[in-house]
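Take a look at the structure below.
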Amino acid sequence: MKYSLCIEPVFDNLPFYERFQKAKDLGCDAVEFWDPWASDPSVTPAGLGKASSDAGIPLAACCLNKAWTYRMTFPWKTVKENVELSMEYAKEMGVKTMIGLSGEVMCKTDAEKILLLENLKRAGEIAEKNGVTIVLEALNSLYDHKGYYLDSTENYAEAVDVTVEATTGGYYLYFMNGTTKTYIEIYVTDTGYV
């Protein structure tokens, strides 16, 4: 198993680019983050790629551009433009896994599910052409992300049947399903990132 540290919420006393070296010094195998360029204009995808290279630590994953702003349940034109921009960023950073978010429940869940699945199929095709895997993150809607759409094992399973994979964390699995082990055993072949 390889260990990747999410450097966005930690080492906040260090400039963002210096966090790569800190993670390397601590023995991490890789780093990940959400989308630091969304909140700090001095951080760029090209700068992140350089920091990764300079520290000798790979970038395991990051979110699609402004994933909380441009959710995968938005109209296709918006999603497409954001996924295409994200693929440019992926090249600049040297990342092969990008995380998408379904967003909050916005309408009847059946209609939202249809839109989400159709957008995922199309986004997956764009990502595949660019050598990138999009993983869709299931989150805990009971505590941390109230109203988040992709929060159940059933919705998760349907989403990963399209051309993307899924990502999840043990913390979210525990809150939504009461266990992590059974869930991972059932969906291990569909899970691109834990």
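The values are calculated or read from the model by the stated rules, or taken from the named source; none is laboratory data. Only a predicted model underlies this, so the values are computations on that prediction, with no experimental measurement involved. Don't worry about glycine lacking a Cβ; one is built from the backbone with ideal geometry, like all the others, and counts go over all protein chains shown. Quick note on the areas: whole protein, heavy atoms, side chains included, nothing else; ligands and nucleic acids left out. Shrake-Rupley method; radii C 1.70, N 1.55, O 1.52, S 1.80 Å.
Among the residues of region 13-30, which ones are under 21 Å from the mean Cα position of the chain (by Cα) and either open to solvent by 50 Å² or more (accessible area, probe 1.4 Å) or within 16 Å of residue 48 (Cα to Cα) (or both)?
Passing the criteria: 16, 17, 19, 20, 23, 29, 30.
Would you tally the residues in region 42-58 being polar (S, T, N, Q) and open to solvent by less than 50 Å² (accessible area, probe 1.4 Å)?
1
Cβ-Cβ below 8 Å, separation at least six or inter-chain, first residue in region 1-27 and more than 15 Å from residue 57 (Cα to Cα), second in a helix (DSSP H, G or I) and among the charged types (D, E, K, R): which pairs?
From region 1-27, the pairs are 10/19; 11/18; 11/19; 11/22; 14/22.
Select from region 116-125 the residues that are open to solvent by 50 Å² or more (accessible area, probe 1.4 Å) and closer than 14 Å to residue 136 by Cα and list them in ascending order.
If the condition is that a residue be open to solvent by 50 Å² or more (accessible area, probe 1.4 Å) and closer than 14 Å to residue 136 by Cα, then 118, 121, 122 are the ones that fit.
Would you be able to tell me the number of residues in region 59-98 that are surrounded by 16 or more Cβ atoms within 10 Å (Cβ to Cβ) and more than 16 Å from the chain's Cα centre (by Cα)?
So the count comes out to 1.
Output the number of residues of region 100-131 satisfying the condition of being modelled with pLDDT of 85 or more and more than 12 Å from residue 73 (Cβ to Cβ).
10
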